[in-house]
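Every number in this text was worked out from the coordinates using simple rules, so none of it is lab data. Nothing here was measured: the structure is a model prediction, and the numbers come from that model. Note that each Cβ is placed from the backbone with ideal geometry, even for glycine, and that neighbours are counted across all protein chains shown.
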Amino acid sequence: MQKTILVGLLFFMAWGLYGQSWMQLRQEPIQIAYKIPYNWFVGGLEKQADYWRSLNTAPKGHINMLLLYSEELKAEELGQKAVWNYHFVGLDSLPADSLQGDFGLWEKRGHWREDNLELVRSWAWKKGEQYYLLYLWGREEKMNAFAQKKLSKVLTSIVFLDD
């Protein structure tokens, strides 16, 4: 009995130390793959008139991730699209060091015009004639915790499938 309890405790300690399992999403129609925590809701790809969108959400909806893609609209134009009737208000813009290079990436921080309590970060990049815009949002304390523990893994896992 004691051995069973000890093994159980070691398992949960190892889970806590080594943390989250990840799953890789391959989104062939938009030629991209990336990792998200395994327990997130995967909304799949949804085709709009002139762009695609993909929503992934953490349990309880504390963190949301939306990827927009288009060959017709540039990143700035994608940024003007409403996200379920919410509009992004950028407060600053800076180069994102973690994914610099061929991406031509920039990052903005801001909030939704309709909800100042939600902290929103966005990244945009171009690959050939393909434009991508990624939004991550949630309450500030949840976003800060996500940024410290998981954000870099999501961003550095992004790969283009046609490379």
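Some notes on this structure:
- Distance between the 7 Å Cα→Cβ label points at T156 and M23: 2.4 nm.
- Ranked by the mean number of other Cβ atoms within 10 Å of their residues, highest first, the peptides 107-113, 36-42 fall in the order 107-113, 36-42.
- Coordinate range along principal axes, alpha carbons of the range 21-160, Å, largest first: 36, 34, 29
- Per-residue Cβ neighbour rank within 10 angstrom, fewest leading, R121, R139: R139, R121
- Peptide packing for 127-137, 51-61, 78-88 was compared via the average number of neighbouring C-beta atoms within 10 Å per residue; ordered from the highest value, the list is 127-137, 51-61, 78-88.
- Over 23 Å between alpha carbons, listed pairs K47/K142; K47/K108; K108/K150; K35/K60; K81/K126; K127/K153: K47/K142; K47/K108
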